[in-house]
Amino acid sequence: MKGRFISFEGGEGCGKTTHMALLAKRLQAMGVETVLAREPGGTPLCEAIRGMLQFDTGGEPPTPEAEALLFCASRAQLVRNVIRPALERGAWVLCDRFADSTLAYQGYGRGFDLPTLRSMLRFATGGLSPDATFLLEVSAGTRDSRLCVRYGSEIGPDRFEREKDDFHRRVRDGFEHLAMEEPGRIVRISTERPMAETAAEIWATIESRFSDSLPDRAAGAPSPEAT
Ligand code: T5A
């Protein structure tokens, strides 16, 4: 079986974590080794960088330049210590954000030069790119109401969620541009509808593109939403 690398992208609260978990459950039910990763994060060093980027745990907010480099540093570590080894042993890797997030947030959102960022990303990833990327889309209104529910809990909004609407609009436009540039890899999927419908569309895409990397009983596997 060949390992596959699938990333999930989109704005905050679009449902990446939720749909990654559903896809992982489905793959695992078929006996496919599935590794879940998130960016930034996923190793002790990367989790430390995550704290610096989201909640200024380095003792001061990173400058925009340092922010872009820290995302790349975390990615370089995750690729070599987690993603590549998993793919080499034939596992599927599902990653909550990858290089597209840097292009959308630091490129379109913060305004950094895209060719420069792309060359930093090539260095950080060693040229690794996902086999498929699900770009999960929600309206700003739905996003806000989902985040509001979350902030009934103890964790407050992070540095990115506190950015102004205009920043989030540029990020959303950025993701749209990226999807138009690479329609073969980036699949746009709405999460503005019942969860099971989105999950079914994601699974249909996986089955149609990667049947060669799934066990034969794929077609008969029960859907996790149904169990
Ligand atoms: N960043 C990251 C950069 O600037 N550059 C980079 O290079 C990278 C990698 C990381 C932050 O860093 C920035 C972007 C981010 O701001 P993060 O932890 O990845 O932060 O943050 P978020 O994207 O904010 O992650 P979230 O956990 O907030 O969002 P998710 O994972 O998209 O959403 P999820 O699944 O946790 O929550 C969705 C909620 O909606 C409900 C679900 O029950 C859940 O409560 N829901 C639905 N979910 C999916 N589908 C439906 N139909 C749903 N209906 C309701």
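Taking trypsin sites (Lys or Arg not before Pro) across the range 69-138, the ones in a DSSP loop with at most 14 further Cβ atoms lying within 10 angstrom of their Cβ are ARG89. Figure legend: label point modelled 7 angstrom from the Cα of THR43 along Cα→Cβ; residues of the range 78-122 with amide N under 17 Å from it are 78-89, 93-96, 98-99, 121-122.
Other residues within the sphere of radius under 13 Å centred on the Cβ of LYS2, judged by their own Cβ, net out at -1 (K and R +1, D and E -1). The lysines whose alpha-carbon is closer than 18 Å to the alpha-carbon of LYS25, local same-chain residues fewer than 8 away aside, are LYS16. On the beta carbon distance between GLU181 and SER211, with R0 = 30 Å, the FRET formula returns roughly 0.70.
How big, in percent, is the set of alpha carbon pairs in the chain lying more than 33 Å apart? Of the Cα pairs, 14 percent sit more than 33 Å apart. So what's the net charge close to PHE98: Lys and Arg +1, Asp and Glu -1, counting the other residues with Cβ under 12 Å from its Cβ? Residues near PHE98 contribute 0 overall. Listed values for the range 138-146 are Karplus-derived 3J(HN,Hα) couplings in whole Hz (6.51 cos²θ - 1.76 cosθ + 1.60, θ = phi - 60°), namely 9, 6, 4, x, 5, 4, 4, 5, 5, and x replaces Gly and Pro. Modelled this way, with points 7 Å down the Cα-to-C-beta line, the labels at GLU60 and LEU147 are 2.6 nm from one another. Across the range 162-172, rounded Karplus estimates of 3J(HN,Hα) from the backbone phi angles (6.51 cos²θ - 1.76 cosθ + 1.60, θ = phi - 60°) give 7, 5, 5, 4, 4, 4, 5, 5, 5, 4, 4 Hz, Gly and Pro being marked x.
Of the residues CYS72, THR34, ILE49, the one whose Cα sits farthest toward the positive end of the charge dipole of the range 1-85, with +1 on the Cβ of Lys and Arg and -1 on the Cβ of Asp and Glu, is THR34. Just want to confirm a number: the relative contact order over the chain, from Cα pairs under 8 angstrom separated by 6+ residues, in percent. Across the chain, relative contact order equals 33 percent. By DSSP, what percent of the beta bridges with both residues in the chain are antiparallel, rounded to the nearest 5? The answer is about 0 percent antiparallel. Per-residue extension of 0.36 nm, minus the Cα-Cα distance of SER139 and ASP158, leaves a gain of 4.9 nm for this segment. Relative to the dominant Cα principal axis of the chain, helix 114-125 is inclined by about 60°.
Which loop trypsin sites (Lys or Arg not before Pro) in the range 162-213, with loop taken from DSSP, have no more than 11 other Cβ atoms within 10 angstrom of their Cβ? For trypsin sites (Lys or Arg not before Pro) across the range 162-213 that sit outside H, G, I, E and B with at most 11 neighbouring Cβ atoms in 10 Å, the list reads ARG162, LYS164. Work out the FRET efficiency for ARG118 and LEU36 from their Cβ-Cβ distance, taking R0 = 30 Å, and round it to the nearest 0.05. So the FRET efficiency works out to roughly 0.70.
No lab work stands behind these numbers, since they all come straight from the coordinates. These numbers come from a predicted model, not from an experiment. FYI the Cβ positions are ideal-geometry reconstructions off the backbone, even for glycines, and counts take in every protein chain you see.
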